[in-house]
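Just so it is clear, none of the values below were taken in a lab; they were calculated from the coordinates. Predicted, not measured: the structure shown is a model, and the values here were computed from it. No Cβ is skipped: glycine too gets one built from the backbone with ideal geometry, and neighbour counts run over all protein chains shown.
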Amino acid sequence: MTLPTLSQVVLDCTEPRRLAEFYRELLGLVYRAGDEDGDLDWLVLRTPDGVPQLAFQQVGSLPEATWPDGPVPQQLHLDITVPSKHDLDAQHERVLRLGGRLLRDQSDDPVEPLRVYADPAGHPFCLFVPPSPAATR
């Protein structure tokens, strides 16, 4: 039996181009051929070597997640890693400059430094340094 393969994560949003541009810049992704220009309601970002990563689907309205303190749950979030605390701090400024918003700062955690952000559409995502194998034993 062949198991299914996860192709990409699709994010609902009211402005697909704006959100795609945020993640394109943040993660160094590229548009699928044909998605580079225009006001499309479905966009796909891939790695530079062509592996699908994220897609953006336009919806008429979308309540912004109020997690962790409100009635609208996050429902899904992306985990994005960096190799070191230095990189975590450097990426913090990029995330803010690109339009992200800091929701929670746990960058001083000795095992797994992390920050939780909202992207421009309000989807939460984590940027963190994964624990070393020795720290998880």
Hey, can you grab everything whose amide H is under 5 Å from the amide H of residue 14? Only 5+ residues off in sequence or another chain; H modelled, so Pro and N-termini drop out.
-> 59
With N residues in the chain, Rg(alpha-carbon) / (2.2 N^0.38 Å) equals 1.12
10 Å beta-carbon shell around residue 121, net charge (K/R +1, D/E -1) = -3
Name all residues of the range 48-73 having a backbone nitrogen under 16 Å from the label point set 7 Å from the Cα of residue 33 along its Cα→Cβ direction, giving them as ranges.
-> 48-52
What nm distance separates the two modelled labels at residue 8 and residue 89, each placed 7 Å from Cα along Cα→Cβ?
-> 3.6
Rounded to the nearest 0.05, what FRET efficiency do residue 76 and residue 47 give with R0 = 22 Å and r taken as the Cβ-Cβ distance? Could you check?
-> 0.60
Relative to the first principal axis of the alpha-carbon coordinates of the chain, what is the inclination of helix 16-27, with its axis defined by its Cα atoms, in degrees from 0 to 90 and to the nearest 10?
-> 40
